[in-house]
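What follows is one structure encoded as structure tokens, with my remarks underneath.
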């Protein structure tokens, strides 16, 4: 694997790669200094973006969202597979282009939703499937405001919902299973000192009548990520951060312990299993996967990432209209502008020049 991007998330993937037996052969970054620093930590060469895939079978794209599509396409056209960080792209037009090119490529395109590979999530989804038709689904990702990177700049593409919200939206889709999403409503807000949103509540209306609630926030002093689902037959609750835990009908449900010599955080949030399944997808099963071989990796493809982005775009657009008094849900598929970022959709729908 080669790393496109040398930020914090690249080191998490590097730790997971080591645990999964995936060697890192090169690191590239916008900053030659950062690339050299990360490469030195890993023990591999640093290269320019133009040199990727640098002999690697897989390129991890962990750069700012506006660079994802171009770098993923370059890797695919060079014959490599791609693991692309969330969000998939900054616009639906760009996401559609990436998915179309991936369809015609020999390499695989996998969307890096690590929580889909987390052991607690996989066990929770199995228990949720046993509940039958759901009547309640709530997924939260609550964290302090990031104090690094460009997350607070409109040029990133969006704020809290665009970046952090991609995780709970993905989990809501997985928990809902085959239930078809029909429409989206949203409340999005921002603090006075920033232009992008730092708090969002999204409601996903499914064909069955289920209304799933998703909350993403950068306003919390501590980090809490959790999921709860219920039906007439029971309740399942999963906690991802700050501690990992699972309950069925109020009773603790046992989870496998973290293997020795594997970082607990990286393992429990799914990064190690994601890397193992990526390896299996490219070169065959290693015999160490804890899930059905490559099943999740095949599900987490470009189309899934595009689906998450579509919901995010619909939510921003509907929230903007709601600010003008139009609270009509936004239908899915989303028929709004394809070239606008989520932040731009919000402003355009609200009629704001902010």
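The values are calculated or read from the model by the stated rules, or taken from the named source; none is laboratory data. Everything numeric here is computed off the predicted structure, so don't read it as measured data. As a convention, Cβ positions derive from the backbone with ideal geometry for all residues, glycine included, and neighbour counts pool all protein chains shown.
Could you tell me whether the range 224-232 includes any residue that is in contact (Cβ under 8 Å) with a residue 60 or more places away in the chain, farther than 18 Å from residue 131 by Cβ and part of a strand (DSSP E or B)?
Yes.
Consider residue 149 against the criteria (1) in contact with a strand residue (DSSP E or B) (Cβ under 7 Å, 6 or more places away or on another chain); (2) closer than 25 Å to residue 30 by Cα: it satisfies all of them except one. Which criterion is unmet?
Only one criterion is unmet by residue 149, namely (1).
Of the residues 240, 246, only one is surrounded by fewer than 22 Cβ atoms within 10 Å (Cβ to Cβ) and in contact with a helix residue (DSSP H, G or I) (Cβ under 9 Å, 6 or more places away or on another chain); which?
After applying the criteria, what remains is 246.
Hey, among the residues in the range 289-303 that are crowded, with 20+ Cβ neighbours inside 10 Å and assigned to a helix (DSSP H, G or I), which one's modelled with the highest pLDDT?
302
Residue by residue, here is whether (1) exposed (fewer than 14 other Cβ atoms within 10 Å of the Cβ); (2) closer than 20 Å to residue 9 by Cα holds:
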site: 202; (1), (2): no, no
site: 205; (1), (2): no, no
site: 209; (1), (2): yes, no
site: 218; (1), (2): no, yes
site: 227; (1), (2): no, no
site: 250; (1), (2): yes, no
site: 273; (1), (2): no, yes
site: 276; (1), (2): no, yes
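For the range 245-277, what are the residues that are assigned to a strand (DSSP E or B) and in contact with a strand residue (DSSP E or B) (Cβ under 8 Å, 6 or more places away or on another chain)?
Passing the criteria: 245, 246, 247, 248, 252.
Out of 80, 20, 72, 4, which single residue is modelled with pLDDT under 95 and buried (at least 22 other Cβ atoms within 10 Å of the Cβ)?
That would be 20, the only listed residue that is modelled with pLDDT under 95 and buried (at least 22 other Cβ atoms within 10 Å of the Cβ).
Where in the range 1-88 are the strands (runs of 3 or more DSSP E), entirely inside, with at least 3 residues that are under 26 Å from residue 100 (Cα atoms) and without any contact (Cβ under 8 Å) to a residue 60 or more places away in the chain?
58-61
Rundown of residues vs (1) at negative phi; (2) modelled with pLDDT of 95 or more; (3) buried (at least 19 other Cβ atoms within 10 Å of the Cβ); (4) out of contact with any helix residue (DSSP H, G or I) (no Cβ under 9 Å at 6 or more places or on another chain), yes/no style:
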{"position": "124", "(1), (2), (3), (4)": "yes, yes, yes, no"}
{"position": "133", "(1), (2), (3), (4)": "yes, yes, no, yes"}
{"position": "137", "(1), (2), (3), (4)": "yes, yes, yes, no"}
{"position": "151", "(1), (2), (3), (4)": "yes, yes, yes, no"}
{"position": "155", "(1), (2), (3), (4)": "yes, yes, no, no"}
{"position": "160", "(1), (2), (3), (4)": "yes, yes, yes, yes"}
{"position": "180", "(1), (2), (3), (4)": "yes, yes, no, yes"}
{"position": "193", "(1), (2), (3), (4)": "yes, yes, no, yes"}
{"position": "196", "(1), (2), (3), (4)": "yes, yes, yes, no"}
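Hey, residue 119 hits all of (1) more than 23 Å from residue 210 (Cα to Cα); (2) in contact with a strand residue (DSSP E or B) (Cβ under 9 Å, 6 or more places away or on another chain) but one; which does it fall short on?
Answer for residue 119: the failing condition is (2).
Among 48, 104, which is the only one that is more than 29 Å from residue 153 (Cβ to Cβ) and either at pLDDT 95 or above or buried (at least 18 other Cβ atoms within 10 Å of the Cβ) (or both)?
104
Might you check whether a residue that is crowded, with 20+ Cβ neighbours inside 10 Å, modelled with pLDDT of 90 or more, touching a strand residue (DSSP E or B) at 6+ places or on another chain (Cβ under 6 Å) and not in a helix (DSSP H, G or I) occurs anywhere in the range 326-349?
Checking the range 326-349: at least one residue is crowded, with 20+ Cβ neighbours inside 10 Å, modelled with pLDDT of 90 or more, touching a strand residue (DSSP E or B) at 6+ places or on another chain (Cβ under 6 Å) and not in a helix (DSSP H, G or I).
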